[in-house]
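Contents: one structure, followed by commentary.
The values are calculated or read from the model by the stated rules, or taken from the named source; none is laboratory data. It should be emphasised that the depicted structure is a prediction, and the values quoted were computed from it without experimental measurement. Cβ placement follows ideal geometry from the backbone for every residue including glycine, while neighbour counts extend to all protein chains displayed. SASA here: full protein model, heavy atoms, side chains in, ligands and nucleic acids out. Shrake-Rupley method; radii C 1.70, N 1.55, O 1.52, S 1.80 Å.
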Amino acid sequence: AQSIDMHDPLIEKVVEEKRPLYISQEPTIKSRYIAAIPAGHNQQIDALILIEEMPFMSFHKDNLAAISFVFEYFIQTLHKQQILKTMRILPEFEPDFRFEYFRLYHLAIKHEISSSILAFQTASELTIHRLNETIHSTFRQLDIYSSIYHNGIYMTLVLVPFSSVESSRVLQMRIYEKLIDTERDRLDYSLFDISQRKILKEFLG
């Protein structure tokens, strides 16, 4: 294995600008790498992926963007406790749920990768119990949900990773239609894009 030359001009530019760079974006740079992809937290770079060779047909924007966001998604795990300490949104919910929300929000803002949140609330303990049973029975492997009781209201949020609001509506209605009429009447619900933090907060009160 060759040693890494930290003075390589492509690496130096990535460290300076803290963003992925591909040699096709910087044709004047002479580098042994065709791409350098950083990941970290709070403007600090923890690791770099350096690509020296890649099949020509694979070397395109979509593949490189996918490598970048999967890399970032993994690196964020190293900063989980720090992220949770500084994250103010959804403080009443479970830490693992909040962390996943942060990661999906970050992907939506930085990489425009859609995710959705199903939000339910009710004053009835029985209704929220039945709702959570229904959610659990229709659960998909990537989905994650969390429930709280706050100011006399029971709330459940379901994260639907990598799904637009339009596609997530199918899951929302599948859950809703499994409830009996009296439970539906007691339930208030809505569907949000992961980036809609302000109106999600307003819905939750």
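For this structure, a couple of remarks:
- Paramagnetic reach from Q43 in the stretch 6-29 [backbone N under 14 Å; point 7 Å along Cα→Cβ]: 16-19
- In nm, spacing of pseudo-spin labels at L78 and R32 (7 Å Cα→C-beta vector): 2.3 nm
- Fully extended contour minus Cα-Cα distance, from K198 to T138, at 0.36 nm per residue: 18.8 nm
- Length available on full extension from N151 to S167: 0.36 nm per residue minus the Cα-Cα distance, which gives 2.6 nm.
- Debye intensity ratio I(q)/I(0), log10, the stretch 125-170, q values 0.15, 0.18, 0.33 Å⁻¹ (C-alpha model): -0.44, -0.61, -1.23
- Directionally averaged projected area (convex hull, Cα atoms, the stretch 1-131), nm²: 11.1 nm²
- A straight Cα-to-Cα reach below 29 Å connects K30 with the lysines K13, K18, K61, K110, residues fewer than 8 places away in its own chain not being considered.
- Over the chain, accessible surface divided per residue gives 58 Å², non-protein components excluded, 1.4 Å probe.
- Computed over the stretch 1-57: relative contact order in percent, which uses C-alpha pairs under 8 Å that are six or more apart: 27 percent
- Bins of 5 Å, starting at 0 and running to the largest distance - Cα pair percent for the stretch 71-205: 2, 10, 20, 23, 21, 13, 7, 3, 1, 0
- Max mean-square fluctuation residue, GNM over the chain, Cα-Cα springs under 10 Å, options Q76, Q25, Q172: Q25
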